[in-house]
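The values are calculated or read from the model by the stated rules, or taken from the named source; none is laboratory data. Keep in mind that what you see is a predicted model, and the values were worked out from it rather than measured. Cβ coordinates were reconstructed from backbone atoms using ideal geometry, including for glycine residues, and neighbour counts include every protein chain displayed. Please note that ligands, DNA and RNA were not included when accessible areas were found on the heavy atoms of the full protein model with its side chains. Shrake-Rupley method; radii C 1.70, N 1.55, O 1.52, S 1.80 Å.
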Amino acid sequence: MANHLDLIIRGGSIVLRDEVRVLDIGVKSGKIVALGEQIGEDAETIVDARGMTMMAGMIDVHVHLNEPGLGDWEGFATGSAALAAGGCTTYLDMPLNGVPPTVTLAAMQMKLATAEAQSHVDYALWGGLVPGNVDDLEALNEAGVIGFKAFMSSPGDPGEDAFREVDDLTLWEGMKRIARLNRVLAIHAESESLVSQLGRIRQVEGAVSAKDYSSSRPILAELEAVNRALFYAEQTGCPLHFVHISSPAAVMVIAKAKERGVNVTVETCPHYLTLTEDDLERIGPKAKCAPPLRSKEEQDMLWHVLRLGYIDMISSDHSPCPGDLKLLDNYFEAWGGIAGAQSSLELMLDEGHLKRNIPLTQLTAMLSCAPAKRFGLHPRKGEIRIGADADLVMIQLNKAYELTEEQLLDRHKQSPYVGKTFSCKVAATWSNGNLVYEQSSGVQPVKRGSWLSGIS
């Protein structure tokens, strides 16, 4: 068999679903075709992975790449380069940060045309649920969206044709349609009535600091929206996925709904696990997001519920913007989004495994396998197994380095993690058996990423 292989990765510590073993990986035509202690000496390319850790590539289900129509914002080429350098081999692009947003079939076709031959790794597209487009959901589904996304609070763009939050009737009607389509609805869960009024009060008072912004979006607003969305899901049978949950209390509300039989999953993000509201003050608007960063006490409890298995997956919520939108003293006016695509996997390995001893098998489940299963990409993607796509990342677990702006590959290089010393480093990334990133040479120039239609 070895004489016919395209690639052998030899002697790495392979993170499988239930164990870590030193094995060789054999790849042919983009697929993993062999796993063994020694699968032969001959292949077109042989990589020595001794002393390295091999994991399935991360599947980032929550990424904002701002095309089409937004000019100097992040696009597929730069965003996917950063993701590849961070060990991500598949991403799901959100529907709101494009002109037009992906809420109609025509808008979806425009986005697909923009993305074609521009991505370094594979991708899928979310469709949107907004007021007025319930009748567009079936066409979006038939065209191959991976699922649908809705906001329960304002996305913050004042433009006339911008993505809009759902009212209760739209949420109810949309959930009924999405349930019939057997898709998942991803929810940004914050109560608009609470956060908008609290925000207005702070700004009228001239209270526009980091602490003022954080206090205007309390955990209560997340809890209220989570409970309301779960109630609607129980009435309609709509599968739900809660994005970027920031509080352990909300995680546990969702866990209790699962016990009642609700079809629901939950993600959190590396920034909630590694940054706090004090860091927002220290770093500035580069660390502004919604929901906002929480206290150290909340963060410690979030790690606790993660360790216990109540969090299904980790995603970046990479939400970049041009630099000037972060250079504002008024925290309510600064762009709300963290640019962290390149650091998600390293953050979870550093803070989760190396510092907190969370097993690599548990981390690969949250970073790769659970996302693949939830959104219909498994068994093709999400784990190292014979027959799966050769989406692989090689990691030096004992490689300390300091992140600098020069190392960042996204367009505007506004990571809140610049200056942080990481205890591990992505050494190489393969997508469908093709090397897309290598530490010394960087991201490879050929863009081979493919669109993954949600049509199974």
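Points worth noting:
- Remark: pairs (first residue in region 211-226, under 13 Å from residue 247 (Cα atoms); second residue among the polar types (S, T, N, Q); Cβ separation under 7 Å; 6+ apart in sequence or on different chains) = 219/247; 221/191; 222/246; 222/247; 224/191; 225/191.
- Taking region 327-343 as the range and being in contact with a His (Cβ under 9 Å, 6 or more places away or on another chain) and part of a loop (DSSP other than H, G, I, E, B) as the test, the residues that pass are 337, 339, 340, 341, 342.
- Matching residues in region 109-142 - criterion: being over 20 Å from the mean Cα position of the chain (by Cα), closer than 22 Å to residue 170 by Cα and surrounded by 17 or more Cβ atoms within 10 Å (Cβ to Cβ): 130, 133, 134, 136, 137, 140, 141
- Residue identified as surrounded by fewer than 24 Cβ atoms within 10 Å (Cβ to Cβ) and modelled with pLDDT under 95 among 354, 325: 325
- Listed by position, the strands (runs of 3 or more DSSP E) contained in region 1-67 that have at least 1 residues being under 30 Å from residue 96 (Cβ atoms) and among the aliphatic types (A, V, I, L, M) are 53-56, 58-63.
- The residues on offer are 370, 365, and the sole one that is hydrophobic (A, V, I, L, M, F, W, C) and in contact with a strand residue (DSSP E or B) (Cβ under 8 Å, 6 or more places away or on another chain) is 370.
- Here residue 380 qualifies as modelled with pLDDT of 95 or more, touching an Asp or Glu at 6+ places or on another chain (Cβ under 6 Å) and charged (D, E, K, R).
- Against the test of being more than 30 Å from residue 443 (Cβ to Cβ) and touching a Phe, Trp or Tyr at 6+ places or on another chain (Cβ under 9 Å), the options 121, 145, 166, 134 yield a single qualifying residue, 166.
- Among the residues listed as 257, 233, the single one being surrounded by fewer than 24 Cβ atoms within 10 Å (Cβ to Cβ), touching a strand residue (DSSP E or B) at 6+ places or on another chain (Cβ under 7 Å) and free of Cβ contacts under 8 Å to residues at least 40 places away in the same chain: 257
- Within region 292-309, the residues that satisfy the criterion of being surrounded by fewer than 17 Cβ atoms within 10 Å (Cβ to Cβ) and either of a type in the set (Asp, Glu) or not in a helix (DSSP H, G or I) (or both) are 295, 297, 300, 308, 309.
- Qualifying residue in region 277-291 (condition: without any contact (Cβ under 8 Å) to a residue 12 or more places away in the chain and either not in a helix (DSSP H, G or I) or not basic (Lys, Arg) (or both)): no
- Out of 411, 374, sole residue that is closer than 26 Å to residue 19 by Cβ and open to solvent by 10 Å² or more (accessible area, probe 1.4 Å): 374
- When residue 85 is tested against (1) open to solvent by 10 Å² or more (accessible area, probe 1.4 Å); (2) of a type in the set (A, V, I, L, M); (3) within 17 Å of residue 368 (Cα to Cα), just one condition goes unmet, and that condition is (1).
- The set of residues in region 114-130 being within 14 Å of residue 66 (Cα to Cα) and part of a loop (DSSP other than H, G, I, E, B) consists of 118, 119, 126.
- Residue within region 14-21 that is out of contact with any Gly (no Cβ under 9 Å at 6 or more places or on another chain), at pLDDT 95 or above, surrounded by 17 or more Cβ atoms within 10 Å (Cβ to Cβ) and under 13 Å from residue 390 (Cβ atoms) present: yes
- Residue in region 90-141 that is farthest from residue 80 (Cα to Cα), counting only those that are in contact with a strand residue (DSSP E or B) (Cβ under 6 Å, 6 or more places away or on another chain) and polar (S, T, N, Q): 102
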